[in-house]
Amino acid sequence: MRKKLAVIFVSFLLLFGLGCGNTYSGNTPFGKAVDFQLEDINGKAIKLSDYSGKVIILNFFGTWCPPCRAEMPAFNEISKEYKNDVEVIAISVGGDPTPKVKSFAEKHNLTFTVAVDDGKVSRLYGPIRAIPVTVIIDKDFNIAKKYIGARSKEVFVKDVTELSR
């Protein structure tokens, strides 16, 4: 029994490590963004299409994922520096309840929209098999880029600059 538990535990660790560290990025257009409506962590309804006309950074994350946490300061800075041109929306897909995600957002002083996946949004933009996943949507509501794995602020700033023209 112990051996089985050890094998399961090691398998989980390997899958967790692979999920958080994947660095594949796709750089080809993916078609139109799919609209959705969710409540943010404060209970406010958000609808993706309300941000059409802006560049949208849609980030799927888990509060427990170190690479996800590492990206949050960059998203904070981008949301402040490009507030008129960019909307950052982070969606927790880690299974955490809203109060835990809200506590995470407060602890990290997140200044952008944060929501908890209802199970549908991640399917629309997925499947999300590894996190973080960041989808960049242009002003015309087209998916311009999709990154699997953490990226630096410079990567996102380059995308925002190109798509804001």
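The values are calculated or read from the model by the stated rules, or taken from the named source; none is laboratory data. Computed from a predicted structure; not experimentally measured. Here the Cβ is made from the backbone with ideal geometry for all residues, glycine too, and neighbour counts use every protein chain on show.
For the reader, a short list of remarks on this structure follows.
- Close contacts from the range 102-124, counting a first residue that is basic (K, R) and a second that is at pLDDT 90 or above and not in a loop (DSSP other than H, G, I, E, B), with Cβ to Cβ under 8 Å and a gap of 6+ residues or different chains, come to K102/V114.
- Condition check for G149 on (1) surrounded by fewer than 18 Cβ atoms within 10 Å (Cβ to Cβ); (2) at positive phi: one failure, at (1).
- Pair list, Cβ < 8 Å and 6+ apart or interchain, from the range 82-93 residues that are in contact (Cβ under 8 Å) with a residue 24 or more places away in the chain to residues that are surrounded by fewer than 23 Cβ atoms within 10 Å (Cβ to Cβ) and of a type in the set (K, R): D85/K54; V86/K54; E87/K54
- Screening T111 on (1) crowded, with 18+ Cβ neighbours inside 10 Å; (2) within 21 Å of G53 (Cβ to Cβ) shows it passes everything except condition (1).
- Test: residue in the range 97-117 that is modelled with pLDDT of 95 or more, touching a Ser or Thr at 6+ places or on another chain (Cβ under 6 Å) and under 18 Å from A150 (Cβ atoms): yes
- Of the set (1) in a loop (DSSP other than H, G, I, E, B); (2) touching a Cys at 6+ places or on another chain (Cβ under 8 Å), all apply to C68 but (1).
- Those residues of the range 52-111 which are within 24 Å of V160 (Cβ to Cβ) and basic (K, R), in sequence order: K54, R69, K80, K83
- Sole exception among (1) under 14 Å from the mean Cα position of the chain (by Cα); (2) surrounded by 16 or more Cβ atoms within 10 Å (Cβ to Cβ); (3) part of a loop (DSSP other than H, G, I, E, B) for V101, by number: (3)
- Any chance V121 is touching a Ser or Thr at 6+ places or on another chain (Cβ under 8 Å) and under 14 Å from F36 (Cβ atoms): no
- Residues that are surrounded by fewer than 16 Cβ atoms within 10 Å (Cβ to Cβ), farther than 17 Å from V116 by Cα and in contact (Cβ under 8 Å) with a residue 24 or more places away in the chain, drawn from the range 41-72: S49, G53, P66, A70
- Top-ranked residue of the range 14-47 - restricted to ones that are modelled with pLDDT of 50 or more and small (G, A, S), ranked as farthest from P99 (Cα to Cα): G31
- Residue, farthest from A70 (Cα to Cα), within the range 118-160, restricted to residues that are out of contact with any Lys or Arg (no Cβ under 9 Å at 6 or more places or on another chain), of a type in the set (S, T, Y) and at pLDDT 95 or above: Y147
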